[in-house]
1. For the range 280-306, what are the residues that are over 26 Å from Asp393 (Cβ atoms) and either in a strand (DSSP E or B) or without any contact (Cβ under 8 Å) to a residue 60 or more places away in the chain (or both)?
2. Looking at (1) closer than 29 Å to Ala240 by Cα; (2) in a loop (DSSP other than H, G, I, E, B); (3) of a type in the set (D, E, K, R), can you tell me which one Arg182 breaks?
3. Within the range 534-544, track down each residue that is in contact with a helix residue (DSSP H, G or I) (Cβ under 7 Å, 6 or more places away or on another chain) and within 14 Å of ligand 1 (Cβ to nearest atom).
4. Report yes if some residue within the range 92-113 is among the hydroxyl-bearing types (Ser, Thr, Tyr) and within 17 Å of Ser425 (Cβ to Cβ); otherwise report no.
5. Looking only at the range 1-51, count how many residues are part of a loop (DSSP other than H, G, I, E, B) and either under 19 Å from Gly81 (Cα atoms) or modelled with pLDDT under 95 (or both).
6. Within the range 455-475, can you find the residues that are within 9 Å of ligand 2 (Cβ to nearest atom), at pLDDT 95 or above and of a type in the set (S, T, N, Q)?
7. Inside the range 527-547, can you point out the residues that are out of contact with any Lys or Arg (no Cβ under 6 Å at 6 or more places or on another chain) and buried (at least 16 other Cβ atoms within 10 Å of the Cβ)?
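The values are calculated or read from the model by the stated rules, or taken from the named source; none is laboratory data. Just so we're clear, the structure is a prediction, and the values are computed from it rather than from any experiment. Cβ placement follows ideal geometry from the backbone for every residue including glycine, while neighbour counts extend to all protein chains displayed.
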Amino acid sequence: MSAHDKKFTVGDYLAQRLAEIGICHHFVVPGDYNLILLDKLSANPNLTEIGCANELNCSMAAEGYARANGASVCVVTFSVGALSAFNGTGSAYAENLPLILVSGSPNTNDAGQFHILHHTLGNGDYTYQYEMAKKITCCAVAVARAEEAPRLIDRAIRHALLARKPCYIEIPTNLAGASCVRPGPISAVTDYVVSDPAALEAAGNCASEYLSGKLKPVILVGPKLRRAGAEAELLRLAEAMGCAVAVQPAAKGMFPEDHPQFVGIFWGQVSTGAADTIVHWADALICVGTIFNDYSTVGWTAVPDIPLMAADMDHVTFPGAHFSRVRLPEFLGRLAEQVSFNDTTMVEYNRLRPDPLHLHVAAPEDALTRKEISRQVQDMMGPKTSLFVETGDSWFNGIQLKLPQGAQFEIEMQWGHIGWSIPASFGYALHYPERRTIVMVGDGSFQVTAQEVSQMVRFRIPITIILINNRGYTIEVEIHDGSYNKIKNWDYAMLIRAFNSTDGDAKGLVANTAGELAEAIAIAAKHDGGPTLIECTIDQDDCSRELITWGHYVASANARPPRHQRED
Ligand code: DPX
Ligand code: MG
């Protein structure tokens with residue numbers, strides 16, 4: 001084979017790299033600027049093309065696929081496609097997921113000839129999309145000559161994998177099929193950057209100093225733990241220390257909930273178990289991959305107030321010292337070797353441990369309530385369940401559930417885009433056909449991305465959608481009410497049947513009572529040929545105590561008056 005094989009193209013190069021980093025499905029919406037590229041991608045035998053209904057959903061499906069697979073790709077057309085896909089790309093940035101956004105772009109001759117092109121702003125500028133992409137990715141590249149494609153494609157993918165952030169690759173329509181050299185070993189792109197040995201050692205020593213003399217250490221786990229691939233090391237550290245382990249809401253499931261050291265979700269006033277009491281009692285707090293934002297701190301009311309040790313994905317900060325290029329798995333692994341056992345916080349927690357709740361079981365004819373839905377969803381959970389919870393009261397209902405060993409939990413708490421759970425669960429389930437994916441989603445959220453259920457129908461993915469119909473944006477009602485929180489009601493079960501058309505096998509069911517929900521869940525459990533949507537109707541005012549409490553504090557944080565600088 002000659003080094004410059006005429007038959008090998010820029011599109012083939014990208015396809016090969018995607019396959020080599022373990023991507024098996026590529027999410028696409030076609031448009032004339034990306035058609036040749038799509039032909040090249042689908043010609044690669046290791047990639048399966050997954051068409052989506054629109055680019056917002058396409059990017060969110062890729063976001064969900066990256067949660068399961070570790071990396072993903074979304075391929076769209078210029079501007080009309082890419083600007084919608086920026087939303088899922090923003091989510092991937094916020095949620096620390098390497099999503100590769102690829103956009104077709106105008107023919108390379110047009111800019112110089114001052115042509116006005118379709119799907120553009122019409123002002124002759126074709127750089128704006130690339131400029132915008134720079135802000136929401138860790139690396140954006142625009143290929144202008146085929147010769148540059150290998151270097152730029154490799155660079156973007158490498159940055160994304162290392163930083164666990166999205167990247168952007170723009171390929172002009174007349175370059176996707178242009179000939180290109182073949183790629184070298186993939187290790188040059190995927191090779192892991194290990195910790196700086198001196199920084200790792202110094203950080204380890206600093207950790208010993210931080211913990212020395214402390215009597216009540218607690219570990220607080222945040223959502224970046226899984227993104228850094230450090231769950232096993234955290235477990236080793238926790239068991240070596242024997243201390244209490246609390247988890248932030250966005251990290252639910254990243255430390256096993258059936259582990260004796262699991263003390264609950266630390267979420268200020270809406271914590272589970274007695275997690276907040278034990279976190280506030282601690283005199284040393286080892287934060288691992290945590291994110292303290294207005295939501296996770298309940299409108300800044302639950303910011304830990306002792307000096308912290310904060311281990312992030314690639315650096316560690318102590319009171320008074322910072323260490324760069326310390327990778328989380330290596331740091332936690334090292335700490336697990338050096339710490340001493342101190343279970344004081346577990347001894348205390350066992351005194352505080354709340355008794356298990358005796359949940360009220362509704363009679364079959366009882367009108368459905370939020371609590372009864374949660375009780376029945378709890379019974380659906382097993383080791384192979386993956387539960388997606390959507391922004392809305394579903395967050396609070398989902399957080400309260402107990403995850404049995406092996407169950408997975410997905411939440412998009414940093415970005416918080418309503419409608420995320422439908423395309424994201426679809427993307428996720430493509431990677432995990434052996435798992436049972438359940439989605440808890442509100443009526444308002446479902447209306448944002450409902451079309452993507454048709455992809456679950458098309459690819460026969462048996463996702464169970466528990467749609468909680470409380471006739472509006474209840475979480476918004478609790479934060480700030482107004483006429484805008486009312487929405488048009490739909491016949492959701494009938495909508496699903498419309499997606500079936502002549503060849504689909506989705507089920508759309510309605511549950512108004514506890515008994516109807518139990519029957520619907522039994523049908524869903526046996527249904528493998530496509531999704532089952534269960535519309536659960538509840539009273540408009542039936543929402544969780546946690547939502548009301550949290551909404552009150554978040555609303556107060558939003559309403560803080562502007563602070564003016566003092567004029568001297
Ligand atoms: C909005 C939210 O019906 O859930 O349980 O009734 O609240 P609940 P629904 O799905 O309603 C969701 C609604 C409108 N948030 O209450 S959380 C603002 C918002 C957002 N994302 C996007 N637009 C607006 N989070 C894309
Ligand atoms: Mg609602």
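1. Going residue by residue through the range 280-306, those that are over 26 Å from Asp393 (Cβ atoms) are 280-289, 304-306.
Result: His280, Ala284, Leu285, Ile286, Cys287, Val288, Asp305, Ile306.
2. (1)
3. Kept after step one, since they are in contact with a helix residue (DSSP H, G or I) (Cβ under 7 Å, 6 or more places away or on another chain), are these residues of the range 534-544: 534-536, 538, 542-544.
Passing the criteria: Glu535, Cys536, Ile538, Asp542, Cys543, Ser544.
4. Taking the range 92-113 as the starting set, the residues that turn out to be among the hydroxyl-bearing types (Ser, Thr, Tyr) are 93, 103, 105, 108.
Next cut, within 17 Å of Ser425 (Cβ to Cβ) only: none.
No, that holds for no residue.
5. Going residue by residue through the range 1-51, those that are part of a loop (DSSP other than H, G, I, E, B) are 1-8, 21-24, 29-34, 44-47.
Among the residues that remain, those that are also either under 19 Å from Gly81 (Cα atoms) or modelled with pLDDT under 95 (or both) are: 1-7, 29-34.
Summing the residues that are part of a loop (DSSP other than H, G, I, E, B) and either under 19 Å from Gly81 (Cα atoms) or modelled with pLDDT under 95 (or both) in the range 1-51 gives 13.
6. Scanning the range 455-475 gives Asn469, Asn470.
7. Applying the first criterion (out of contact with any Lys or Arg (no Cβ under 6 Å at 6 or more places or on another chain)) to the range 527-547 yields 528, 531, 533-537, 539, 541, 543-547.
Passing the criteria: Pro531, Leu533, Ile534, Glu535, Cys536, Thr537, Cys543, Ser544, Glu546, Leu547.
Every residue, every condition in (1) in contact with a strand residue (DSSP E or B) (Cβ under 6 Å, 6 or more places away or on another chain); (2) more than 26 Å from Glu412 (Cβ to Cβ); (3) crowded, with 22+ Cβ neighbours inside 10 Å, yes or no:
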{"position": "Glu147", "(1), (2), (3)": "no, yes, no"}
{"position": "Ala156", "(1), (2), (3)": "yes, no, yes"}
{"position": "Ala176", "(1), (2), (3)": "no, yes, yes"}
{"position": "Gly184", "(1), (2), (3)": "no, yes, no"}
{"position": "Ser187", "(1), (2), (3)": "no, yes, no"}
{"position": "Cys206", "(1), (2), (3)": "yes, yes, no"}
{"position": "Ser212", "(1), (2), (3)": "no, yes, no"}
{"position": "Pro223", "(1), (2), (3)": "no, no, yes"}
